[in-house]
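The values are calculated or read from the model by the stated rules, or taken from the named source; none is laboratory data. Being a predicted model, the structure only gives us computed values, none of them experimental. All Cβ positions, even for glycine, are placed from backbone atoms using ideal geometry, and neighbour counts span all protein chains on display. Remember, those area values only see protein heavy atoms, side chains included, never the ligands or the DNA or RNA. Shrake-Rupley method; radii C 1.70, N 1.55, O 1.52, S 1.80 Å.
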Amino acid sequence: AAGMSVVEHVREMAAAGLHSNVRLLSGLLLTMSGNNPELFSPSQKYQLLVYHADSLFHDKEYRNAVSKYTMALQQKKALSKTSKVRPSTGNAASTPQSQCLPSEIEVKYKMAECYTMLKQDKDAIAILDGIPSRQRTPKINMMLANLYKKAGQERSSVTSYKEVLRQCPLALDAILGLLSLSVKGAEVASMTINVIQSIPNLDWLSVWIKAYAFVHTGDNTRAINTICSLEKKSLLRDNVDLLGSLADLYFRAGDNKNSILKFEQAQMLDPYLIKGMDVYGYLLAREGRLEDVENLGCRLFNISDQHAEPWVVSGCHSFYSKRYSRALYLGAKAIQLNSNSVQALLLKGAALRNMGRVQEAIIHFREAIRLAPCRLDCYEGLIECYLASSSIREAMVMANNVYKTLGANAQTLTLLATVCLEDPVTQEKAKTLLDKALTQRPDYIKAVVKKAELLSREQKYEDGIALLRNALANQSDCVLHRILGDFLVAVNEYQEAMDQYSIALSLDPNDQKSLEGMQKMEKEESPTDATQEEDVDDMEGSGEEGDLEGSDSEAAQWADQEQWFGMQ
């Protein structure tokens, strides 16, 4: 009886959450049991092993915990054998005890959690797969669904998510899981319809499902409209998740100004917000607001350094300060914390590309595309790698695929045009594509930049000036002002060119090319100089506007300067 009561003490301390105490006592009792196997019954040994393993799990010693859970399950096997052989002998002590035995299913779930923490997804799947379907709890199905999805086993993943919804019809993350695996919105909605109809104030849920169905098919415009309609509903006004989704959608649609606005709104409502802040930091960095990026990074590290986002934000700061190897390290650290972080993969890929390690970069962009097949920037990064390594054919195939899968919109038209501009044969096609894009979205900056590049090649400076002034009528953008400056120099409008360079630098003080433009003008008071011509040709439209940019020549230039500055 004394033996039994001590195990009961362990159980009570475990239930009370005294993990460190459980760990010490159960460790000592297990040693006693090893030295005298008769001391505890098989069911007591099972309990001691489970409670000991639980305390190890709590201390984040996952490998050790797994080994103890495995021993516990072996003990349980022995137990079920003996209990079948020996019917209860009317011993009162054995009955209450068998009722409080820790559940074997729970032990397997904990083991799977350990395996995922150890990045052994295959083992996690194997242990959960071994549980007969009708014994699987909702959390087991949810974990299995996520693991299957990660492993690319989409059919099994869909089945498991549906099982979660059957058990818990308001499991919204399971709904998102199904939508991300291209299950139709209508089918998903039908699985929750009974609850929606039976509970008051849930009528928004079917609209919510519709919105995220649009998100996952890459229909950004309709997704934005649908979420805006939800956001206007008085009951859902100022919801941080919806604002974050909106910000992300504006970003995907290439509307950076609105994206930044929505991120700011979300952040004001929730000062501890982490999700989506990596995209926000990236956008700020691209706008040249490096001080804001630094502050955001510090704030996020304060909130949590166990998430990928602070590392990505800090990496964006390094990247746009041209410190590529540091950006690479920070990106790698972010991926280590969250292997699903698309933004971390893009950061690391861009850093590798700018360091000339193009093949490695390609692997990272491909993984980003696998995780976010609707995000255009993942494809842009990959295509820039192909162009950097002069694989124009591969770039063309890729751009055509994106154009087919994501549909003909201003963004995909411009991406295809960008590749066409690289090949002398397809110049005319590029022109047609860009005109189509600009008809759809006259203010789409990337299209304007590429069209300007084309006009500059053809030396149609007046047309270029008109195009840029038009684009700048209702927005201000550093790159557009800078290119306008270059065009004005070409037609000898020096004073106004100077103004445009100044505006560009006021928007982004780090914009190297605007500085160079100004310096050239100060150097050469003589307007008729041959270098001006080639200079405008050299004006790279792909400049900072392209995602995570900075060409090699630029990097080399910086390396030279760093040698001078770095010495001091």
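Couple of notes before you dig in:
- Phe365 meets the conditions (1) open to solvent by 20 Å² or more (accessible area, probe 1.4 Å); (2) free of Cβ contacts under 8 Å to residues at least 24 places away in the same chain in every case but one. The failed one is (1).
- In region 468-483, of all residues being among the aliphatic types (A, V, I, L, M) and buried (at least 23 other Cβ atoms within 10 Å of the Cβ), the one that is nearest to the chain's Cα centre (by Cα) corresponds to Val479.
- Condition met for Glu291 (of a type in the set (Asp, Glu) and open to solvent by 50 Å² or more (accessible area, probe 1.4 Å)): yes
- Residue match in region 42-58 (condition: open to solvent by 60 Å² or more (accessible area, probe 1.4 Å), modelled with pLDDT of 95 or more and not acidic (Asp, Glu)): yes
- The residue that is farthest from Gln120 (Cα to Cα), counting only those in region 334-356 that are open to solvent by 30 Å² or more (accessible area, probe 1.4 Å) and within 14 Å of the chain's Cα centre (by Cα), is Lys348.
- The conditions of being modelled with pLDDT under 95, under 19 Å from Ser339 (Cα atoms) and out of contact with any His (no Cβ under 7 Å at 6 or more places or on another chain) are not met by Gln267.
- Qualifying positions in region 195-230 - assigned to a helix (DSSP H, G or I), of a type in the set (A, V, I, L, M, F, W, C) and over 18 Å from Ser182 (Cα atoms): Val195, Ile196, Leu205, Ile224, Ile227, Cys228, Leu230
- The listed residues are Ala145, Ala174, and the only one of them that is surrounded by 20 or more Cβ atoms within 10 Å (Cβ to Cβ), at pLDDT 95 or above and over 22 Å from Arg375 (Cα atoms) turns out to be Ala145.
- Filtered by the rule that a residue be under 16 Å from Thr217 (Cα atoms) and in a loop (DSSP other than H, G, I, E, B), region 142-194 gives Leu181, Ser182, Val183, Lys184.
- Residue check, Val402 open to solvent by less than 10 Å² (accessible area, probe 1.4 Å), in contact (Cβ under 8 Å) with a residue 40 or more places away in the chain, assigned to a helix (DSSP H, G or I) and under 24 Å from Asn220 (Cα atoms): no
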